[in-house]
């Protein structure tokens, strides 16, 4: 679990631009198993069709090296690769259908684990003091954040990160809907990360999401003389069975915790921050004012 801090692993080696695919995390056992199974099925289908690697690579329009990597389970094929392979093998859609098997493993394990927790939670309390929280970000804002990271990410890794973060937004589509509480420091809304138009669209999106009945967005003004969030972000996820999990840099060295005493500490801090922040209605008016100034 992460306080909105999922990361995309930059590529270690550079790949030709005509070779679409993603590296497999060597520590992600489930992803390794899925990708190995898909790769083996692709190799068996190619061999059953009587095609050598060189013939197959010419048919799909990708290099021999990529073919070997995918068939050996060292590379996650992108959807367009599977579509080209489906046509070349005359698979009638069966190879393209493997996209469903790969849809989740294309994202880093930390992102998948976080998304699974968010998908089960009935209440989420979220405070991010550095940027707009990931669940509230627009694609353009997210892309700008990934592009400004150093060392720089490859363009492919940036898009992978954007896709992974946007995939978590299914939490807003659940029925019954979970209760979502967000606190944003004023300065995270004022900084023009990505440029003026990116920030304008981000503020507009906050106003749109804030209209949902199950969502509360509160702004912590910069003029507050007391702030209970100085120890860093907070994330508390509560589940239907009464259990919960939380994380904050100021508790347990930032590790996820489920111990009741530590959870009470996180909830206490979060409750104080909510009390110190503007109310949801005041926050809406404040964001509208910022939008007019941007």
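Just so it is clear, none of the values below were taken in a lab; they were calculated from the coordinates. This structure is a prediction, so every number in the text was calculated from the model and none was measured. Cβ: placed from backbone, ideal geometry, glycine included. Neighbour counts: every protein chain shown.
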Which whole-number percentage describes the relative contact order of segment 109-293, with Cα contacts under 8 Å and a sequence gap of 6 or more? 27
Evaluate E = 1/(1 + (r/R0)^6) for residue 41 and residue 285, where r is the Cβ-Cβ distance and R0 equals 51 Å; express this FRET efficiency to the nearest 0.05. 0.35
Pseudo-spin-label distance residue 262 to residue 80, built 7 Å along Cα→Cβ, given in nm, is 4.4
Could you work out how far the C-alpha centroid of segment 39-66 sits from that of segment 258-294, in angstrom? 54
Find the centroid of the Cα atoms in segment 138-193 and in segment 211-254, then give the distance between the two in whole Å. 17
In degrees, nearest 10, the alpha-carbon axis of helix 196-209 is tilted away from the dominant principal axis of the alpha carbons of the chain by 70
Taking a ≥ b ≥ c as the square roots of the Cα gyration tensor eigenvalues, with a/c under 1.5 meaning rounded and otherwise prolate when a/b beats b/c or oblate if not, the chain comes out prolate
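Quick check on the chain: helices-only [θ] at 222 nm, where DSSP H runs of length 4 and up contribute -39,500 (n - 2.57) each and the sum goes over total residues. Nearest 500, please.
Details: 12 runs with 135 residues, N = 294.
After summing the helix terms and dividing by residue count, I get -14000 deg cm²/dmol.
For segment 29-102, what is the convex hull volume of its Cα atoms per residue in Å³?
Each residue corresponds to 68 Å³ of Cα convex hull volume.
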Between helix 155-167 and the chain, what is the angle of the helix's C-alpha long axis to the longest principal axis, kept within 0 to 90° and rounded to the nearest 10? 60
Which of these, 26, 221, 256, has the largest mean-square fluctuation under a Gaussian network model of the chain (Cα springs below 10 Å)? 26
Distance between modelled label sites at residue 159 and residue 227, nm, 7 Å Cα→Cβ extension: 3.7
How far is helix 260-276 tilted off the main Cα axis of the chain, in degrees rounded to 10, range 0 to 90? 60
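Would you mind calculating the gained length between residue 293 and residue 148 on full extension (0.36 nm times residue separation, minus the Cα-Cα distance), in nm to one decimal?
49.8 nm
Relative contact order for segment 29-102: what percent, with Cα pairs under 8 Å and sequence separation of 6 or more? Can you show the working numbers first?
Working: 69 pairs, mean separation 26.0, N = 74.
This gives 35 percent for segment 29-102.
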